[in-house]
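Trainee: Okay, here's the structure, questions in a sec.
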Amino acid sequence: MQESLETTQQFEGRKQDHIRLSLDEKNEALGFSGFDSFTLNHNALPELNFNDISLRTHTLGFELPTPFLVSSMTAGHNSSFSLNLRLAKACQERGWLMGVGSQRRQLNDPLAENEWKNIRKEAPDVKLLANLGLTQIIQTPIEVVSDVVKSLDGIALIIHLNALQEVMQPEGTPHFKGGLQAIEKLVKTLEIPIVIKETGCGFSKSTLRQLQETGVQAVDVSGLGGTHWGRIEGNRHQNENVYQSLSKAFSHWGVSTVQSLLNAKEIGGPFETWASGGVRNGLQAAQCVALGANIVGFAKPILQAALLGVDELKRFMELTELELRTALFCTGSATLKDLQQNEEVIQWQNR
């Protein structure tokens, strides 16, 4: 069923708001990610040559040249195609994964899938991850979800959890009852991996335990410390209404990225752990890897670079890889697994 013109306009306005507000520093939970709580110990005698360092990783049945992911950001509006095409081409060139923005619009507008079909023509080899919210997963027939994934030839489906955002959002749909059952059913039915992702509020140990028996292949902790969607949606409300006050009360709500990674490490899977949420450079990515992350995602810094042009986007990606490679070398780690298995590499501050 086609959305009405008014609903389409509201949708596109919301997505434009999201891009604009996500670039505003006041909507970041700065200082809460936890990366300042520990350092990686320097190894002055690494017994390695720099060109021995490998960033290769395995995930979702693929071997990748880097552990990096462009986290899901935006889709389905007039200005998203050119941005997503730029990101897709860069990810294809450097071997990064790319999570697409929410494909919610495709559930009501069949023409919305043309964005991804056209991107596929330009970047046929990029590894794309489809993306729908939990509310839509609960309410949508599985065959329709499958069609959404197929529309971009996705290698996996991200189901994003955004309870706080849905409560704050003027157009929000905070209907999560039956979510765990819907995830379990989808895992059993779809023939592709399922990735569960928060959107900036992280994961407690109890929530991770709930996911242990579902069969999901990966959990992206997306912790507190980066863009805070409760703040963004609060700032979208007009005339100082009650939701702006609610947003202020919950402006630091969530589990930090570092604590979420520690929670996942204690729980011990069986899913892969991915990290995002306030990750700003390759050194912080190395910290995530040391805490057990298999994949590390970037959102705001990638968006900022992409908006400045292709050259700046490629420069950021190259620099991020170099920073991670340098961190491996200076900790005496030839591979990401070496860094993860080095029990002495982490130095906690004030513990």
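The values are calculated or read from the model by the stated rules, or taken from the named source; none is laboratory data. Note that the coordinates shown come from a computational prediction; the quantities given were computed from them, not determined experimentally. We place every Cβ from the backbone using ideal geometry, glycine too, and count neighbours over all the protein chains shown. Side chains included, ligands, DNA and RNA excluded: accessible areas come from the protein's heavy atoms. Shrake-Rupley method; radii C 1.70, N 1.55, O 1.52, S 1.80 Å.
Trainee: So which residues in the stretch 94-123 are within 20 Å of residue 193 (Cα to Cα) and open to solvent by 50 Å² or more (accessible area, probe 1.4 Å)?
Mentor: 104
Trainee: Checking the structure you have, find out if any residue of the stretch 262-281 is farther than 27 Å from residue 201 by Cα and among the acidic types (Asp, Glu).
Mentor: There is no residue in the stretch 262-281 that is farther than 27 Å from residue 201 by Cα and among the acidic types (Asp, Glu).
Trainee: Out of 198, 171, I need the residue that is over 17 Å from residue 144 (Cα atoms), of a type outside the set (Phe, Trp, Tyr) and surrounded by 16 or more Cβ atoms within 10 Å (Cβ to Cβ). Which one?
Mentor: Just a single option satisfies the conditions, and that option is 198.
Trainee: Show the residue pairs that are 6+ apart or on different chains and have beta-carbon atoms under 6 Å apart, the first residue being within the stretch 109-130 and free of Cβ contacts under 8 Å to residues at least 40 places away in the same chain, the second being open to solvent by 20 Å² or more (accessible area, probe 1.4 Å) and polar (S, T, N, Q).
Mentor: Filtered contacts from the stretch 109-130: 112/106; 113/106; 123/92; 125/92; 126/92.
Trainee: Something else now. Please name all residue pairs, on different chains or six or more residues apart, with Cβ atoms under 9 Å, provided the first residue is in the stretch 322-340 and is acidic (Asp, Glu) and the second residue is in a loop (DSSP other than H, G, I, E, B) and buried (at least 18 other Cβ atoms within 10 Å of the Cβ).
Mentor: Within 9 Å, the pairs are 338/331; 338/332.
Trainee: Here's another thing I want to ask about it. Only one of these is buried (at least 17 other Cβ atoms within 10 Å of the Cβ) and in contact with a Lys or Arg (Cβ under 8 Å, 6 or more places away or on another chain): 158, 137, 142. Name it.
Mentor: Values: 137 fails: in contact with a Lys or Arg (Cβ under 8 Å, 6 or more places away or on another chain); 142 fails: buried (at least 17 other Cβ atoms within 10 Å of the Cβ).
It is 158.
Trainee: Does residue 58 count as out of contact with any helix residue (DSSP H, G or I) (no Cβ under 6 Å at 6 or more places or on another chain), surrounded by fewer than 17 Cβ atoms within 10 Å (Cβ to Cβ) and at pLDDT 65 or above?
Mentor: Yes, satisfied.
Trainee: Residue 88 is checked against (1) assigned to a strand (DSSP E or B); (2) in contact with a helix residue (DSSP H, G or I) (Cβ under 9 Å, 6 or more places away or on another chain); (3) open to solvent by less than 10 Å² (accessible area, probe 1.4 Å) and fails just one. What number does that condition carry?
Mentor: Residue 88 satisfies all of (1) assigned to a strand (DSSP E or B); (2) in contact with a helix residue (DSSP H, G or I) (Cβ under 9 Å, 6 or more places away or on another chain); (3) open to solvent by less than 10 Å² (accessible area, probe 1.4 Å) except (1).
Trainee: Let me ask another. Are there any pairs with C-beta distances below 8 angstrom linking a residue in the stretch 51-62 that is assigned to a loop (DSSP other than H, G, I, E, B) to a residue that is open to solvent by less than 80 Å² (accessible area, probe 1.4 Å) and of a type in the set (Phe, Trp, Tyr), with the two at least 6 apart or on different chains, and if so which?
Mentor: 53/329
Trainee: I would also like to ask the following. Which of the residues spanning the stretch 63-85 are part of a strand (DSSP E or B) and surrounded by 23 or more Cβ atoms within 10 Å (Cβ to Cβ)?
Mentor: Residues satisfying the conditions are 68, 69, 70.
Trainee: With the condition being among the aliphatic types (A, V, I, L, M) and either open to solvent by 40 Å² or more (accessible area, probe 1.4 Å) or at pLDDT 95 or above (or both), I'd like the strands (runs of 3 or more DSSP E) fully within the stretch 248-351 carrying at least 2 qualifying residues.
Mentor: So the answer is 295-298.
Trainee: Shifting gears a bit: Can you report the number of residues in the stretch 107-121 which are polar (S, T, N, Q) and either farther than 27 Å from residue 62 by Cα or in contact with a Pro (Cβ under 8 Å, 6 or more places away or on another chain) (or both)? So that I can check it myself, show each step before the final result.
Mentor: Applying the first criterion (polar (S, T, N, Q)) to the stretch 107-121 yields 108, 114, 118.
Subsequent filtering for residues that are either farther than 27 Å from residue 62 by Cα or in contact with a Pro (Cβ under 8 Å, 6 or more places away or on another chain) (or both) retains 108.
The total comes to 1.
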